[in-house]
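Have a look at the structure below, then the notes.
The values are calculated or read from the model by the stated rules, or taken from the named source; none is laboratory data. Since the structure is predicted, the reported quantities are computational estimates derived from the model, not experimental observations. So basically every Cβ, Gly included, is an ideal-geometry build from the backbone, and we count neighbours across all protein chains shown. To get the accessible areas, we keep the full protein, side chains included, count just its heavy atoms, and leave off ligands, DNA and RNA. Shrake-Rupley method; radii C 1.70, N 1.55, O 1.52, S 1.80 Å.
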Amino acid sequence: MAAETLYDRLGLPRDATPEEIRRAYRETLLRLQTNQAANTDYKRLVSDLKVAFDVLSEPDKKAEYDQHLPPETPQSYPVQVAVSYSRNALVQISEPQLLYALLELGLPEEAASAARPHLNLCLVVDCSTSMQGLRLDAAKATAIELIRQLQPEDILSIVKFSDRAEIVLPATELLDKRNAEVRVQLLKAGGGTEIFQGLDLGVQEVRQYHNLDRINHIILLTDGYTYGDEKNCYQLADHATTLPIGISALGIGSQWNDSFLDALTAKTGGSSQFITQPEDIRSFLLDNVIKLGQIYANQVTLIFETYPAIELTDAFRISPDSAPLSSASPMVLGAVLRNAALTLLLEFQIKSIPARTSKITLAQGRLCYQIPGNQERTSYIQRIDFQRPVSKDFDRTPPPAHIVQAMSNLTLYRMQEKARTDMAKGDISAASRRLQNIATHLLAQGQRDLARSVLNEVAHIQQNQSFSEEGEKRIKYGTRSLLLSKKGETKKP
């Protein structure tokens, strides 16, 4: 396997400019300093970073170093990048205009037969009082099924938490599966909900076997709100991203904080999902593990800079799972699966275009990702630019159908967000109108069950002056699921 290069340490391509090298050093050092308290490798990482900067920032040293690197060509990159736009050209006007870009990251056909990566997985299970009964029973049964299905080379750990955290199964290869099953069977519910303690212990367990040749990931199962430790959870997620360790979450029932779990998981390229019934825990959890086993390119991150008068106003992952993303750089996009592309819809606002401009660069950036288990090379950094021609005349060409569909479904998701904002302001009439509009669009698409849920919630709002907790989540995650790509089938872990 190829050794890490100095460019890899800074997250830069080999043709990086002096300014890009300086900026990458400052930004990477700042991220390390921000997470210093939680990072036991802080001093080593800072030292490695300084070595990289000292060499690459000096032209003579850089030139000498580059001579010893193997040649790099476009064919060296295993991820295939395609960008399609909602408009063929921007128009030369003074008013702001929107442009959508559909970014698709896929793989060559031969990658589909690549060996399944080994997992380093931690289940962080909420064992607070509210989990007692069917929910915890279903979680335990699914954990036992997972123990039986994982491969011998996989690493599994299980952490339980309530108002304190405890290791149920230390990170280990599952050589004694019977003992692991007994440990899970002994899980009992009781106490409050403090997610940070469980996540913190989960990160510690994953770090014991952390290796870029593995998929290092935490799956959180919870059914309640955490108590005042949200900020600590966010900081821990930021630290997990630097390792990298992914975090996904399964929210059970209706009494959990979806906004918090969305923001938490988005930091690492993960997502949160809504489970209505205990019997659905099995399918959701196993499906998450199956997708982890299908990963080919992991922790795909977009580091970018927009040009003056241009803003990336929104970013949404469409597949392999749907989730809102932060629109700030660096943006952790998620993973490219062996059987499904990583697809994102980006919204750019162009506030103005300079006169006599024939082409405009919206953003310049680079994609950074890992290929677990690759015998030749683990880390890749790939340039990507977003550009459009500029015309004096309006482009009347309809957008590509797949972009229109994605934009339409994203509009429904945004409408439910605005309805929630209306309710928070006490504007019940506006919230009801938005939801009724959503239901109309859903019926036109043939989404009758979801439309019925939306109309039921309108009636609840008008009668009770508030959302129901379950109805609010049904609409949010239902409209989000409309964005999912239908390509690719999953297989057993």
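Just a few scattered comments:
- Neighbours by Cβ (under 6 Å, 6+ apart or cross-chain): first from segment 12-37, within 13 Å of Arg366 (Cα to Cα); second of a type in the set (Lys, Arg): Pro13/Arg366; Pro13/Arg383
- Cβ-Cβ contacts under 8 Å between residues 6 or more apart (or on different chains), taken from a first residue in segment 418-447 that is within 14 Å of Asn464 (Cα to Cα) to a second residue that is open to solvent by less than 70 Å² (accessible area, probe 1.4 Å) and not in a helix (DSSP H, G or I), are listed as Met423/Ser466; Met423/Phe467.
- Selection within segment 324-335 - surrounded by fewer than 20 Cβ atoms within 10 Å (Cβ to Cβ) and outside any loop (DSSP other than H, G, I, E, B): Pro324
- The set of residues from segment 382-398 being touching a residue at least 40 places away in the same chain (Cβ under 8 Å) and open to solvent by less than 100 Å² (accessible area, probe 1.4 Å) comprises Gln382, Arg383, Ile384, Phe386, Arg388, Pro389, Val390, Ser391, Asp395, Thr397.
- Matching entry among Gly198, Gly190, Gly269 (being open to solvent by less than 10 Å² (accessible area, probe 1.4 Å) and either in contact (Cβ under 8 Å) with a residue 24 or more places away in the chain or touching a Phe, Trp or Tyr at 6+ places or on another chain (Cβ under 9 Å) (or both)): Gly198
- Ile318 vs. criteria closer than 30 Å to Thr142 by Cα, of a type in the set (A, V, I, L, M, F, W, C), crowded, with 21+ Cβ neighbours inside 10 Å and touching a helix residue (DSSP H, G or I) at 6+ places or on another chain (Cβ under 8 Å): yes
- All positions within segment 424-471 that are open to solvent by less than 30 Å² (accessible area, probe 1.4 Å) and of a type in the set (A, V, I, L, M, F, W, C): Ala430, Ala431, Leu435, Ile438, Ala439, Leu442, Leu450, Ala451, Val454, Val458, Ile461
- Given (1) under 18 Å from Leu103 (Cα atoms); (2) touching a residue at least 40 places away in the same chain (Cβ under 8 Å); (3) surrounded by fewer than 13 Cβ atoms within 10 Å (Cβ to Cβ), number of the condition Gln364 does not satisfy: (3)
- When we screen Val300, Val289 for residues that are in contact (Cβ under 8 Å) with a residue 12 or more places away in the chain, farther than 28 Å from Leu10 by Cβ and surrounded by 22 or more Cβ atoms within 10 Å (Cβ to Cβ), the only hit is Val289.
- One residue from Leu146, Leu199, Leu221 being under 24 Å from Asp280 (Cα atoms) and assigned to a strand (DSSP E or B): Leu221
- Test: residue in segment 240-255 that is closer than 17 Å to Gly198 by Cβ, under 14 Å from the mean Cα position of the chain (by Cα), modelled with pLDDT under 95 and open to solvent by less than 40 Å² (accessible area, probe 1.4 Å): yes
- Filter result for Ser429 (at pLDDT 95 or above and not in a strand (DSSP E or B)): yes
- Scanning segment 409-421 for residues that are closer than 18 Å to Tyr85 by Cβ and open to solvent by 50 Å² or more (accessible area, probe 1.4 Å) yields a single hit, Thr411.
- Qualifying residue in segment 340-350 (condition: open to solvent by 10 Å² or more (accessible area, probe 1.4 Å) and over 28 Å from Ile215 (Cβ atoms)): yes
- Of residues in segment 215-239 being open to solvent by 40 Å² or more (accessible area, probe 1.4 Å) and farther than 20 Å from Asp126 by Cβ, the one nearest to the chain's Cα centre (by Cα): Asp238
- Residues within segment 144-168 that are open to solvent by 10 Å² or more (accessible area, probe 1.4 Å) and among the hydrophobic types (A, V, I, L, M, F, W, C), tallied: 4
- Test result for Glu104, surrounded by fewer than 20 Cβ atoms within 10 Å (Cβ to Cβ), at pLDDT 95 or above and in a strand (DSSP E or B): yes
- Going through (1) more than 25 Å from the chain's Cα centre (by Cα); (2) touching a residue at least 24 places away in the same chain (Cβ under 8 Å) one by one, Ala459 falls short only on (2).
- Flag for Asp262 being open to solvent by 10 Å² or more (accessible area, probe 1.4 Å), among the acidic types (Asp, Glu), under 19 Å from the mean Cα position of the chain (by Cα) and farther than 30 Å from Ile144 by Cβ: no
- Any helices (runs of 4 or more DSSP H) falling wholly within segment 1-100 and containing at least 2 residues that are modelled with pLDDT of 85 or more and among the hydrophobic types (A, V, I, L, M, F, W, C): 6-10, 18-34, 42-56
- Considering the conditions (1) of a type in the set (Phe, Trp, Tyr); (2) surrounded by 22 or more Cβ atoms within 10 Å (Cβ to Cβ); (3) at pLDDT 95 or above, Phe284 is excluded by exactly one of them, (2).
- Being of a type in the set (A, V, I, L, M), open to solvent by less than 60 Å² (accessible area, probe 1.4 Å), under 30 Å from Tyr380 (Cβ atoms) and out of contact with any Ser or Thr (no Cβ under 8 Å at 6 or more places or on another chain) holds for only one residue in Ala139, Ala114, and it is Ala114.
Here is a yes/no grid of residues against (1) touching a Gly at 6+ places or on another chain (Cβ under 8 Å); (2) in a loop (DSSP other than H, G, I, E, B); (3) of a type outside the set (Ser, Thr, Tyr); (4) closer than 29 Å to Ser468 by Cβ:
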{"site": "Gly270", "(1), (2), (3), (4)": "yes, yes, yes, yes"}
{"site": "Gln273", "(1), (2), (3), (4)": "yes, no, yes, yes"}
{"site": "Asp280", "(1), (2), (3), (4)": "no, no, yes, yes"}
{"site": "Ala297", "(1), (2), (3), (4)": "no, no, yes, no"}
{"site": "Ile318", "(1), (2), (3), (4)": "no, no, yes, yes"}
{"site": "Ser352", "(1), (2), (3), (4)": "no, yes, no, no"}
